[in-house]
1. For the chain, give the percent of accessible area contributed by carbon and sulfur heavy atoms, probe 1.4 Å, rounded to a whole number.
2. Rounded to the nearest 0.05, what FRET efficiency is calculated for residue 168 and residue 73 with R0 set to 35 Å and r the Cβ-Cβ distance?
3. Using +1 on the beta carbon of Lys and Arg, -1 on that of Asp and Glu, and nothing else charged, what's the dipole of segment 44-127 about the Cα centre, debye to 20?
4. Using 7 Å Cα-to-Cβ label points, what is the residue 191/residue 203 separation (nm, one decimal)?
5. What accessible area per residue comes out for segment 143-208, rounded to a whole number of Å², with a 1.4 Å probe?
6. Packing-wise, with mean Cβ within 10 Å as the measure, how do 128-136, 152-160 rank, highest first?
7. For segment 1-61, what is the accessible area per residue in Å² when the probe is 1.4 Å?
8. Using a Förster distance of 30 Å, how high is the FRET efficiency between residue 62 and residue 89, based on the Cβ-Cβ distance and rounded to 0.05?
Amino acid sequence: MPAMTPTIFVIDDDPAVRDSLALLIGTQGMRVQTFEHAEAFLQKFHPDEIGCLVLDIRMPETSGLALQDILNLRNIRMPIIFITGHGDIEECRRAFRGGAVDFLTKPINAPQLLDSLKKAIRISIQQQEQVSATQDVRQKLERITDRERLILRHVAEGLSSKEIARELDLSPRTVEAHRAKLFEKLEINSLAELVRFYLHALEATQPSQ
């Protein structure tokens, strides 16, 4: 099971850097795990973890940028703070294009790193909340019939029961019964909530990019 306590994952091939960052992060009361290389991290990482990566950009075998590419290909949106002893503009640009939160140079400025960590954790929590909300919408959609989905769409688009009845060749009473079932199955109490649910459902059912 994924850890619900935010975790800072430090990946750097230099043991001195790993130890110093782990000490700094740990003194702030944050949970921290260190890894010597990307492969060790990928073996233990759970995609539902809340937290962020503090990632050395240049490492043997799998570089920090290569790990970022791997995570993006797997649709894992773990926030990344890159660190490097040799700043390179093109590497910096590539990191931010890939979604990096920050790009810091060694020796690491402690206050700057801690500010970046707080920002990254907020992003991670927001991402996990979005994932949970999407899963909840999908689960509720599975409760309703195809006919109820049609009525949900028409209600959300502003059609009255009589207009929906004409559109689907039903009696208004039947449409009202389906509407009542929708409110019950989707656990909502107002038309405004139903419209919001419909909009969330559209987002939740879009193919992943």
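1. On the way: 6000 of 12030 Å².
Of the solvent-accessible surface of the chain, carbon and sulfur hold 50 percent.
2. Details: r = 43 Å, r/R0 = 1.22.
So the FRET efficiency works out to roughly 0.25.
3. Computed about the Cα centre, the dipole is about 200 debye.
4. 2.3 nm
5. Per-residue value: 64 Å².
6. Numbers: 128-136: 13.3, 152-160: 15.6.
The most tightly packed comes first, giving 152-160, 128-136.
7. 51 Å²
8. So the FRET efficiency works out to roughly 0.85.
The values are calculated or read from the model by the stated rules, or taken from the named source; none is laboratory data. Small disclaimer: the values here were computed from a predicted structure and weren't measured. Note that each Cβ is placed from the backbone with ideal geometry, even for glycine, and that neighbours are counted across all protein chains shown. Surface areas here come from the heavy atoms of the whole protein model, side chains and all, with no ligands, DNA or RNA. Shrake-Rupley method; radii C 1.70, N 1.55, O 1.52, S 1.80 Å.
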